[in-house]
Amino acid sequence: MAGTKERILAAARELFAQQGVQKTSMRDISERLGITKPALYYHFTSREDLVRSIVQPLIEGGLDLVARYENAPRIEPRELLEAYFDYHYAHRDDLLLLFNELATLAELGLVELVLGWRTRLMGLLVGPEPTLTEATGAVVALGGLQDCTIQFRDIPADELRDPAVNAAMAALGL
């Protein structure tokens, strides 16, 4: 069963990337796999269920990242930024898919969730009451790191990490 679920998720990712989430039907996915729609619905009750299954590892990973640093006795900004980069680099394919489907993200309530993570991480980087300069630096640092993993998606992580994290540190004035 796990093999079938993974095949379905892979086909859905591919079709979502080609056609978009809203334009991809469950029929499209079942036809791609050569299975019946009832077989597909056995594993996933809807297209939204499929999207949630794709983003669930992103959600769990993001929550783990934020919690790890919120519970740390001491925060090293560079270490936090490197972990943030690594998280986004590991999930860059699914992130790109989702950024192309912001309406779907909003429908699933994921935009607020991601903005909440960023706000929490910003607090760890610049404190609970940052100046406007500190707050905008944190937004540029976190958003820039995320964007680098997508913009330069074909560059190996070990080549991209230092330049991206150095730029984020500079945005923070560190």
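So the values come out like this:
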read-out: Within the range 18-32, tally of residues that are on the phi > 0 side of the Ramachandran plot and surrounded by 17 or more Cβ atoms within 10 Å (Cβ to Cβ); value: 0
read-out: Residue that is under 30 Å from MET169 (Cα atoms), of a type in the set (A, V, I, L, M, F, W, C) and loosely packed, with under 13 Cβ neighbours inside 10 Å, where the choices are ALA103, ALA72; value: ALA72
read-out: ALA90 in the same structural domain as LEU63 (by the TED database), of a type in the set (A, V, I, L, M), out of contact with any strand residue (DSSP E or B) (no Cβ under 9 Å at 6 or more places or on another chain) and open to solvent by less than 50 Å² (accessible area, probe 1.4 Å); value: no
read-out: Residues (farther than 17 Å from ARG13 by Cβ and free of Cβ contacts under 8 Å to residues at least 40 places away in the same chain) located in the range 56-101; value: GLU60, ASP64, ALA67, ARG68, ASN71, ALA72, PRO73, ARG74, GLU76, GLU79, ALA83, TYR87
read-out: Test for ARG52: is it assigned to a helix (DSSP H, G or I), of a type in the set (Lys, Arg), over 23 Å from VAL165 (Cβ atoms) and at pLDDT below 90; value: yes
read-out: Neighbours by Cβ (under 6 Å, 6+ apart or cross-chain): first from the range 141-168, modelled with pLDDT of 95 or more; second surrounded by fewer than 18 Cβ atoms within 10 Å (Cβ to Cβ) and of a type in the set (Phe, Trp, Tyr); value: LEU160/PHE152
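The values are calculated or read from the model by the stated rules, or taken from the named source; none is laboratory data. None of these values were measured; they are calculated from a predicted model. When we count neighbours, we look across all protein chains shown, and the Cβ atoms used for this are built from the backbone with ideal geometry, even at glycine. Each accessible area value is taken on the protein alone, full model and side chains, heavy atoms only, with ligands, DNA and RNA left out. Shrake-Rupley method; radii C 1.70, N 1.55, O 1.52, S 1.80 Å.
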